[in-house]
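First the structure, in the form of structure tokens, and then the observations on it.
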Amino acid sequence: MRTITSIEDLRQRARRRVPKMFFDYADSGSYAEQTLRSNRADLERIKFRQRALVDVSQRDLGTTIIGARAALPLALAPIGLCGMQWGDGEILACRAAHAAGIPFTLSTMSICAIEDVAAAVDQPFWFQLYVMKDRGFAKSLVERAAAAQCSALVLTIDLQVLGQRHADVKNGMTVPPEIRVRNVIDIATKPRWALSALRGKRKTFGNLAGHVRGMENVNSLAQWIRGQFDPALSWKDVEWIRSLWPGKLIIKGVLDVEDARIAAKTGASAIVVSNHGGRQLDGAPSSISALPKVADAVGAEIEIMFDGGIRSGQDLMRALALGARSCMIGRSYIYGLGAGGQAGVARAIEIIRDEFDVTMALCGVNRIGDIDRRVIAAD
Ligand SMILES: Cc1cc2nc3c(=O)[nH]c(=O)nc-3n(C[C@H](O)[C@H](O)[C@H](O)COP(=O)(O)O)c2cc1C
């Protein structure tokens, strides 16, 4: 990992090591990928004020996220099929996050089940919930997260219907998955991945398999999932989840100020300003352009987290400057996982941490709490 010096290096290595259909699944956005691109482009446009001769010898990257200590203002985002980038990927990513002193979020759509991860790690993690049509199943997931002592529930609200990623259709990554000769040949040329996948505990959606009656094989399970996203979901359901889960709640997928105002009144601990990494509404604004408006509207009422396009410590600084208290990364760590399992995720976090540290220094900042819009250069 010594010659890996950027998240882009991890991405290139993951591209070589992970079967195309899974790499593309992670890398892509929905439709024309306009929102995916603007997540990055709008971040890159933001320039810092370079400050000189400020004593920055006492820098401290530590902070709190929803009241708990974190070594960095960073968390790993929920990623469906994370364990398809590398066998047992969720466990490995969780261990890397905990070793770095930051939270890990397990997706409802993970390969390893809540119980698998809980048994394999020694600290609590966060669980992300999709509320499906089968509300009894949603309730049981909340109960399982509580039994596993998850320290926060991340309720994702921006997936009532599924945005299409063209690459997934073309690659046969649809649910149910299509087994094509091309895919089989591709996998045969990725021995490292194949070995890790073979060794992995599970090959399908771990939180669902065995818990949904009559859905024992992969295909029927996948069909069940496709039919389970719920267009009728509403803020009433958030109240319902609130009543089931007395612990810390994070509402993920807020982009609009009106939604932020409603979310701030739910009693949640935080919201995540997010467009699902450009994978849902194509044509939605970039996350970073939405952030300052949301922060101005509700930042005094609720803790604000951010994700979308973070590929460096500089990006982390940009989001904190524009009103986030902490950020989540999705693809940045997924590339690390595909590039080298747990060591790759650890490297991704380390790269972002080191870049962030230097950026803080060169912006003349010692503490996370001192980062605000003053570090941004005027146009
Ligand atoms: C491959 C992939 C799978 C994802 N699966 C989920 C998921 O299961 N639940 C969820 O809330 N968000 C999911 N997301 C969105 C991420 O949690 C996060 O919002 C997004 O990745 C942030 O953008 P970034 O990848 O540019 O950092 C997924 C994103 C990717 C790239």
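A quick yes/no check of all residues on (1) touching a strand residue (DSSP E or B) at 6+ places or on another chain (Cβ under 9 Å); (2) of a type in the set (Asp, Glu); (3) at pLDDT below 95:
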{"residue": "Val294", "(1), (2), (3)": "yes, no, no"}
{"residue": "Tyr335", "(1), (2), (3)": "no, no, no"}
{"residue": "Ile351", "(1), (2), (3)": "no, no, no"}
{"residue": "Met360", "(1), (2), (3)": "yes, no, no"}
{"residue": "Asp372", "(1), (2), (3)": "no, yes, no"}
Starting from the stretch 123-134, keep only residues that are free of Cβ contacts under 8 Å to residues at least 40 places away in the same chain, then list their pairs with residues that are part of a strand (DSSP E or B) and more than 11 Å from the ligand (Cβ to nearest atom) whose Cβ atoms are within a distance under 8 Å, requiring at least 6 positions of separation or different chains. Phe125/Phe104; Phe127/Ala152; Phe127/Leu153
State whether the residues of the stretch 217-229 include one that is at pLDDT 95 or above and among the aliphatic types (A, V, I, L, M). no
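Just wondering, is there one or more residues in the stretch 318-330 that are at pLDDT 95 or above, assigned to a helix (DSSP H, G or I) and away from the ligand (no atom under 14 Å from the Cβ)?
Yes.
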Out of (1) away from the ligand (no atom under 13 Å from the Cβ); (2) at pLDDT 95 or above, the one Arg135 does not meet is (2)
Residue hits (the stretch 105-132; within 12 Å of the ligand (Cβ to nearest atom) and either aromatic (Phe, Trp, Tyr) or within 16 Å of Lys252 (Cα to Cα) (or both)) are Thr105, Leu106, Ser107, Thr108, Met109, Trp126, Phe127, Gln128, Leu129, Tyr130, Val131
Name the single residue that is nearest to the ligand (Cβ to nearest atom) among those in the stretch 153-164 being hydrophobic (A, V, I, L, M, F, W, C) and in a loop (DSSP other than H, G, I, E, B). Leu159
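From Gly336, Gly323, Gly330, Gly309, grab the single residue that is surrounded by fewer than 24 Cβ atoms within 10 Å (Cβ to Cβ) and either more than 15 Å from Pro78 (Cβ to Cβ) or hydrophobic (A, V, I, L, M, F, W, C) (or both).
Gly323
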For the stretch 42-65, give me the residue count where each residue is farther than 30 Å from Ser110 by Cβ and within 14 Å of the ligand (Cβ to nearest atom). 1
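Looking only at the stretch 227-248, count every residue that is closer than 18 Å to Ala146 by Cα and surrounded by 13 or more Cβ atoms within 10 Å (Cβ to Cβ) and tell me the total. Break it down into steps so the answer makes sense when it comes.
Just the residues of the stretch 227-248 that are closer than 18 Å to Ala146 by Cα, to begin with: 238-248.
Okay, now just the ones that are also surrounded by 13 or more Cβ atoms within 10 Å (Cβ to Cβ), so 238, 240-242, 244-245, 247-248.
The total comes to 8.
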Here are some conditions: (1) away from the ligand (no atom under 14 Å from the Cβ); (2) surrounded by fewer than 21 Cβ atoms within 10 Å (Cβ to Cβ); (3) of a type outside the set (Asp, Glu). Cys150 meets all but one. Which one does it not meet? (2)
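Report yes if Arg37 is out of contact with any Phe, Trp or Tyr (no Cβ under 9 Å at 6 or more places or on another chain) and over 26 Å from Asn171 (Cβ atoms), otherwise no.
So Arg37 fails the test.
Given the criterion among the hydrophobic types (A, V, I, L, M, F, W, C), away from the ligand (no atom under 11 Å from the Cβ) and surrounded by fewer than 24 Cβ atoms within 10 Å (Cβ to Cβ), identify the matching residue among Ala93, Ala68.
Working: Ala93 fails: surrounded by fewer than 24 Cβ atoms within 10 Å (Cβ to Cβ).
Criteria check complete, one pass: Ala68.
Per-residue answers, yes or no, for (1) under 21 Å from Asp24 (Cβ atoms); (2) touching a residue at least 60 places away in the same chain (Cβ under 8 Å); (3) touching a His at 6+ places or on another chain (Cβ under 7 Å):
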| residue | (1), (2), (3) |
| --- | --- |
| Asn275 | yes, yes, no |
| Leu281 | yes, yes, no |
| Pro285 | no, yes, no |
| Glu301 | no, no, no |
| Asp307 | yes, yes, no |
| Ala324 | no, yes, no |
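Can you confirm whether Pro103 is modelled with pLDDT of 95 or more, buried (at least 24 other Cβ atoms within 10 Å of the Cβ) and closer than 25 Å to Leu244 by Cα?
On the way: modelled with pLDDT of 95 or more: yes; buried (at least 24 other Cβ atoms within 10 Å of the Cβ): yes; closer than 25 Å to Leu244 by Cα: yes.
Yes, satisfied.
With a cut-off of at least 3 residues that are within 13 Å of the ligand (Cβ to nearest atom) and closer than 30 Å to Arg202 by Cα, name the strands (runs of 3 or more DSSP E) lying wholly within the stretch 215-311. I'd like the intermediate steps shown before the answer.
Working: elements: 249-254, 270-273, 303-306.
Counting at least 3 such residues, we get 249-254.
What number of residues within the stretch 305-330 satisfy the criterion of being hydroxyl-bearing (Ser, Thr, Tyr) and in contact with a Leu (Cβ under 7 Å, 6 or more places away or on another chain)?
First pass over the stretch 305-330, keeping only residues hydroxyl-bearing (Ser, Thr, Tyr): 312, 326.
Those left that are additionally in contact with a Leu (Cβ under 7 Å, 6 or more places away or on another chain): 326.
Residues that pass the stated criteria total 1.
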Give me the pairs: first residue in the stretch 142-168 and over 16 Å from Leu249 (Cβ atoms), second residue polar (S, T, N, Q) and modelled with pLDDT under 90, beta-carbon distance under 8 Å, and six or more apart or on different chains, which are they? Asp168/Thr174
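The values are calculated or read from the model by the stated rules, or taken from the named source; none is laboratory data. Just so it is clear, the model here is predicted, and its values are computed rather than measured. Cβ coordinates were reconstructed from backbone atoms using ideal geometry, including for glycine residues, and neighbour counts include every protein chain displayed.
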